Amino acid sequence: MRTRTLALAAASGAALLATAALPATALNTAAATRAPARTQEGSVSAADLLAKVTTCSQISSGRYRTDSQAAATVPVCGTNGAVFWKADLDIDCDGQTTTACNRSTDPWFQGDTAFHQSNGRPLNAEKLPYVVVPSSSSIWNYSSAGMRGGGVVAVVYGDKVEYAVVGDTGPAGIIGEASYATAKALGMDPTPATGGAESGVTYILFKNSQAKPIESHSAAVSLGDELARQFVADN
């Protein structure tokens with residue numbers, strides 16, 4: 001989990017100065033080369049999913065911080081067929097060393113993930129949309145709530161829906177983290193130190209689900225769409 005508050009503030013200031021200095025042609029070129037994010041995956045809209053998570057029936061014994069210096073304000077909520085929380089999104093680049101995720105690009109890089117591919121290798125954060133769950137503690141035990149490695153998650157941000165898998169675990173008291181690939185697909189800056197979103201991200205984890213193999217994003221999308229339709233019907 002990333003402690004990004006100071007880094008984000010510094011990066012935001014630098015970005016504003018850099019943007020002001022760039023000519024319009026350079027700004028247009030940068031915008032043109034940025035890959036557009038998908039609006040949603042599957043057949044269930046962000047609005048339909050968000051309509052089912054407007055109220056929280058708290059199942060966690062306490063609440064989580066979004067960063068190490070933040071107040072503990074985020075509960076884990078239970079509903080029919082799923083658990084959910086609303087938080088920020090910090091970038092997890094852990095797992096396989098890639099061009100975007102390595103010790104040079106990510107000051108917190110670790111070469112492993114809690115859950116592994118079917119061939120035993122760590123997950124690939126640059127390519128695979130995955131979500132980080134807090135390590136089990138007295139606050140909440142994810143496995144007791146029907147969550148496991150490869151469990152399917154609908155990540156909702158604005159009008160965008162991205163299906164991901166449970167791919168890693170983080171600090172026991174902090175919540176709100178997903179892989180580089182998840183952030184990029186949702187239209188966020190995926191830079192590990194300064195990217196992500198400060199708020200407005202909803203994570204809906206479908207109970208007792210598992211995409212197989214865990215590294216197959218298409219399997220997560222197919223199962224996620226089925227589970228999302230059932231979720232909307234049941235809540």
Completion exercise
Going through (1) crowded, with 24+ Cβ neighbours inside 10 Å; (2) without any contact (Cβ under 8 Å) to a residue 40 or more places away in the chain one by one, ALA220 fails only at (2)
Problem - Condition met for VAL161 (touching a residue at least 60 places away in the same chain (Cβ under 8 Å) and either in a strand (DSSP E or B) or touching a Leu at 6+ places or on another chain (Cβ under 8 Å) (or both)) - result: yes
Practice task
Give the stretch 88-102 a look and list any residue that's farther than 13 Å from THR194 by Cβ and crowded, with 24+ Cβ neighbours inside 10 Å, or say none.
Solution key: ASP92, ASP94, GLY95, CYS101
Practice task
Could you pull out the residue among THR169, THR194 that is over 26 Å from ALA47 (Cβ atoms), at pLDDT below 95 and either in a helix (DSSP H, G or I) or polar (S, T, N, Q) (or both)?
Solution key: THR194
Handout entry: Residues (under 28 Å from GLU215 (Cα atoms) and more than 19 Å from the chain's Cα centre (by Cα)) located in the stretch 59-96
Key = THR79, ASN80, GLY81
Exercise for the section: Determine which member of the set VAL44, VAL83 is touching a Cys at 6+ places or on another chain (Cβ under 7 Å) and either surrounded by fewer than 16 Cβ atoms within 10 Å (Cβ to Cβ) or at pLDDT 95 or above (or both). Expected result: VAL83
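May I ask you to list the residues in the stretch 103-135 that are in a loop (DSSP other than H, G, I, E, B), open to solvent by 60 Å² or more (accessible area, probe 1.4 Å) and out of contact with any Asp or Glu (no Cβ under 6 Å at 6 or more places or on another chain)? Reasoning before the result, please.
Filtering the stretch 103-135 down to residues in a loop (DSSP other than H, G, I, E, B) leaves 103-115, 117-121, 123, 125-129, 135.
Filter once more, keeping what is open to solvent by 60 Å² or more (accessible area, probe 1.4 Å): 103-104, 107-108, 110, 112, 118-119, 121, 127.
If the condition is that a residue be in a loop (DSSP other than H, G, I, E, B), open to solvent by 60 Å² or more (accessible area, probe 1.4 Å) and out of contact with any Asp or Glu (no Cβ under 6 Å at 6 or more places or on another chain), then ARG103, SER104, PRO107, TRP108, ASP112, SER118, ASN119, ARG121, LYS127 are the ones that fit.
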Exercise for the section: Being hydrophobic (A, V, I, L, M, F, W, C), surrounded by fewer than 24 Cβ atoms within 10 Å (Cβ to Cβ) and touching a helix residue (DSSP H, G or I) at 6+ places or on another chain (Cβ under 7 Å) is the filter here, so list the residues in the stretch 157-203 that pass it. Expected result: ALA193
Completion exercise
Inside the stretch 109-128, the number of residues satisfying the requirement of being touching a helix residue (DSSP H, G or I) at 6+ places or on another chain (Cβ under 9 Å) and among the charged types (D, E, K, R) is 2
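The values are calculated or read from the model by the stated rules, or taken from the named source; none is laboratory data. On a predicted model such as this, the values are computed, not experimentally measured, just so you know. Cβ sites come from the backbone with ideal geometry, for glycine too, and all protein chains shown count toward neighbours. Surface accessibility is based on the protein's heavy atoms, side chains included, excluding ligands, DNA and RNA. Shrake-Rupley method; radii C 1.70, N 1.55, O 1.52, S 1.80 Å.
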